[in-house]
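Comments concern the structure below.
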Amino acid sequence: MAELPKISIYWASSCGGCEISVVNLNEKILDVAANFNLFFCPCLLDTKKTDIEALPDKDILITFFNGSIKNEDNAEMAHLLRKKSQLLIAFGSCSSEGCIPGLSNLHSLDDQMNAIYLDNLTTINPDRIIPRHETIVPEGALTIPAIYDRVRTLSEIVEVDYYIPGCPPEPHQIWNVIDHVIKQRPLPERGSVIGAGRSTVCDECSRKKGNKSIKKFYRTYEIVPEPETCLLEQGLICMGIATRDGCGGLCPKVNMPCTGCYGTPEGVLDQGAKMAAALGSILDIGDVKGLTDDEINKRIDDIINEIPDFAGMFYKYSLCSSILKGKVI
Amino acid sequence: MNKITIEPITRLEGHGKIEIFLDEKGNVANTYFQVPELRGFEQFCVGRLAEDMPVITNRICGVCPEAHHMASVKALDDLFGVVPPPAAVKIRELIYMAFYVTDHTTHFYALGGPDFIIGPEAPPAERNILGVIKKVGLDIAKQVIDCRARNHHILELLGGRGIHLVAGVPGGWSRAVSVDERRQIEDIARKNIDFALFTLKIFSDIVLKNSAYLDLITSDIYLHKTYYMGTVDDKNRVNFYDGLVRVVDPEGKEFVKYHPKEYASHIAEHVEPWTYLKFPYLKNIGWKGFEDGINSGVYCATPLSRLNVSDGMATQLAQEHYEQFYETLGSKKINGRYQPVHYRLATHWARLVELLYAAEHMLELAIDPEITSDHIRNIPKEIKGVGIGSVEAPRGTLTHHYISDTRGVLTKINLIVGTTNNYAPMSMSIKRAAQKFIYNGQIVTEGLLNKIEMAFRLYDPCLSCATHTLPGKMPMEVTIRDKDCNIIRTLARD
């Protein structure tokens, strides 16, 4: 029997949810095990970095790389796995686009350290100690990796073959990709997004859509939405219109708006810009005949001001890969 | 001075690293358990909408996002000054019990359990989930998969997603339970009870009936007498979702019982320059270093801690197992309460008592007629500007604290996260195990790796919240260096 092709699942700076989503393949995990040699997965197996280094280049068929690049160790593993893998897949939102922890790019590293170790409600730190790369203790020297000043996506570090979006990717989509490989179907053009659709979440959402015209935005805590109508039409900022389909439209099913975790739809460069453009075209500011520019702008501002956190709403997952990138560039 | 480095997932995969320094005689001078990662939620949550926090803080941990979601939504109830309707509280709790069942199950069968089911002295290559399947049979493996699947189904159905739920809103829950769904959930809860009892039986047959294992549990390698913390209900019984936080001293006497909102009067955090993770301790005792005992502020918050702080379990079968737990481990009752069990390896057993409680309580909620009420939200009428919420995460008391402006935009946040509570106790357990297996220059190689690994794992340090590692079968590498830091020997666990 021929040797099974090797696959690896690696986590850089991540929450572990991508791994749990793989485990949520449930009984199909046994099919994965029957078709592949899961060679490297620090979450479940004890293969080590030295074992990876010992492999010939390109010996691993696919690496599913989750987590963003937050320190030098993450970056070094990205380079190593790139070298040893035929296909390197950015797996999940963190490695594809930075995800929620990428919002830390709105702040300097000093501010982050300050919030955690100095100006903090429970920390008692009279000597104003901040963790550092090297510390001399009585017995010798201790080191920890330096934290980068900003979060990077995988493709900022190495060449990426494919992207599987989602926070985390839904199990049925993970299975679609794995099944595709098992059946040796041809893969799409390199650089493509796989394990997802090409349109928007609206296409998967079962809510009724009518004419979109918004007079006022509401925050999610302010209203109980009607159960069958489009949430955006009810004034909730639902990111579905600017988000790739593939999840199955899950959040609107429980009366909550899409927050955008599947990233940009096909052909869209910037999720937040897409959302702003979409909203711009559906704001209803009433009859503007006879109003001055200032008065018109004020009406727009009044509606827009209902959303006090644009970055967190429009770029919750995609800030790192957006045009904006964040404040720290 | 000689230095031994144990890197759980090798240096470069760094989510946790242990340094052992030897003195001139070759005995352990000190150990350091370092956490080399930081993601900075405390800062980047500033400027976010308060109501986004249940979705944002999910991403602290993909293994226990449900705990963050619940602590967060409770903090929002407080910040928005709104009380959720009874049905919403019950739905939240029901989901939380389903989560506990899957989480504790995963730990027992895939992570911590292999040490016992396969045996602590067995070859490391067999001490994993595949070894468990081999020993207990494929049929049981399928039961474990089924248990995870049916409970994750509940999470997705009621929470919106299988991982990183979205349905928590200040003042309630965004999705009601239908009558048909309630029947389905009841059926699942009953299966969970059977599964929990079955799991306790496996533990009894394999571990408790084996005197060698019992000796190991009650050996002094894994003994630490610290304070314990956990949440209790109005009868001082274990509660995961709500109640008062109770702390008992190493003798079992109540040290303090406080409302979670007062947490900052009781918990403080210590900073060391050689690790990114902070060390919580009891503020009113003070940080005295990595020390056991009544004069040290170090406390532990684990399944074992929750049992130790409580007067019992709130469900019948779990109470029976609770009593068996303390009787078997030789704990005596004083003033109607069992004395604390300090054997840290008993945490594995305590976790299974909790598994049974979660399953039983899930059934109680599933058969409660109110669970299908469609009154699941109260709309907030104010923004108070401060909100504190806490739950018992599987790995310890979890507290979220938010401060907002008048628009509900956050200006400051603070988090005391489950596993973090146990950072000092874990460090101490590692040192104890190292001292036991390294002396006079002699290094008991396999024993060292095994036993340190076990000292670590009993805390269930998927360390997800802190370091995000799931060391089900933790790879280890020990590098021994001479005083000039040249490597003289490397031990590796394959």
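The values are calculated or read from the model by the stated rules, or taken from the named source; none is laboratory data. Source: prediction; values computed, not measured. Using ideal geometry, Cβ is built from the backbone for each residue, glycine included, and neighbour counts are taken over all protein chains shown. Note: areas computed on protein heavy atoms with side chains; ligands, DNA, RNA excluded. Shrake-Rupley method; radii C 1.70, N 1.55, O 1.52, S 1.80 Å.
The A-B contact accounts for roughly 7900 square angstrom of buried accessible surface, both chains included, probe 1.4 angstrom.
Near A:Leu283, the amide H atoms lying under 5 Å from its own belong to A:Ile214; only residues 5 or more places off or on other chains count, and H is placed 1.01 Å from N. The 3J(HN,Hα) values that the Karplus relation (6.51, -1.76, 1.60; θ = phi - 60°) gives for segment B:48-56 are, in residue order, 7, 6, 3, 5, 7, 5, x, 7, 5 Hz. Gly and Pro appear as x.
Phi angles of segment A:201-208 translate, via the Karplus equation with coefficients 6.51, -1.76, 1.60 and θ = phi - 60°, into HN-Hα couplings of 4, 4, 5, 9, 8, 7, 5, 6 Hz per residue; Gly and Pro are given as x. Shape class of segment A:1-140 from the alpha-carbon gyration tensor: prolate, with a/c at 1.5 or above and a/b greater than b/c.
Partner shielding of B:169-177 amounts to 3, given as the average count of beta-carbon atoms from other chains within 10 Å of each residue beta-carbon.
In peptide A:128-135, how many Cβ atoms from other protein chains are near each Cβ within 10 Å, on average?
4
For B:Leu157, the accessible surface of its heavy atoms amounts to roughly 40 Å² (probe 1.4 Å, protein chains only, rounded to the nearest 10).
Between B:Glu291 and A:Phe310, the FRET efficiency estimated from the beta carbon spacing at R0 = 41 angstrom works out to 0.25.
What does the charge count around A:Asp245 come to, taking other residues whose C-beta lies under 12 Å from its C-beta (Lys +1, Arg +1, Asp -1, Glu -1)?
Result for the neighbourhood of A:Asp245: -2.
Over 23 Å apart at the Cα level, from the set B:Lys225/B:Lys332; B:Lys431/B:Lys451; A:Lys316/B:Lys412; A:Lys316/B:Lys381; A:Lys212/A:Lys289; A:Lys298/B:Lys412, are A:Lys316/B:Lys381; A:Lys298/B:Lys412. Measuring r between the beta carbons of B:Asn335 and B:Lys201 and using R0 = 41 Å, the FRET efficiency lands at 0.80. From most to least packed by mean Cβ count within 10 Å, the peptides A:177-189, B:205-217, B:392-404 give B:392-404, B:205-217, A:177-189. In this structure, the amide hydrogen of B:Gly230, modeled 1.01 Å from its nitrogen in the peptide plane, lies closer than 5 angstrom to those of B:Arg246, counting only residues at least 5 positions away or on a different chain.
How high is the relative contact order of segment B:199-358? Use alpha-carbon pairs under 8 Å, at least six apart in sequence, and give a whole percent. Don't skip to the end; give the middle numbers.
Details: 262 pairs, mean separation 42.5, N = 160.
The normalised contact order for segment B:199-358 reaches 27 percent.
Under the definition of partner shielding as Cβ atoms of other protein chains within 10 Å of a residue Cβ, what is the mean value for peptide A:243-253?
Average neighbour count from other chains, rounded to a whole number: 2.
Note on segment A:39-186: antiparallel DSSP beta bridges, both residues inside, total approximately 45 percent of the bridges counted. Take every pair of alpha-carbon atoms less than 8 Å apart whose residues are at least six positions apart; their mean separation over the length of segment B:171-266 yields a relative contact order of 13 percent. Each DSSP beta bridge with both residues in the protein assembly as shown is either parallel or antiparallel, and the antiparallel ones are about 70%. Say the cut-off is 26 Å between C-alpha atoms; which of A:Lys253/A:Lys274; A:Lys216/B:Lys74; B:Lys25/B:Lys436 go over it? The pairs that break the limit, which is 26 Å between Cα atoms, are A:Lys216/B:Lys74.
Here the Karplus relation 6.51 cos²θ - 1.76 cosθ + 1.60, evaluated at θ = phi - 60°, turns the backbone of segment B:174-183 into coupling constants of 8, 9, 7, 9, 7, 4, 5, 5, 4, 4 Hz, with x for every Gly and Pro. Summarising the amide proton neighbourhood of A:Leu236: residues at separation of 5 or more, or on other chains, whose placed amide H is nearer than 5 Å comprise A:Tyr218.
Where only DSSP H runs of four or more residues are counted, the protein assembly as shown gives -10000 deg cm²/dmol as its mean residue ellipticity at 222 nm, each run worth -39500 (n - 2.57).
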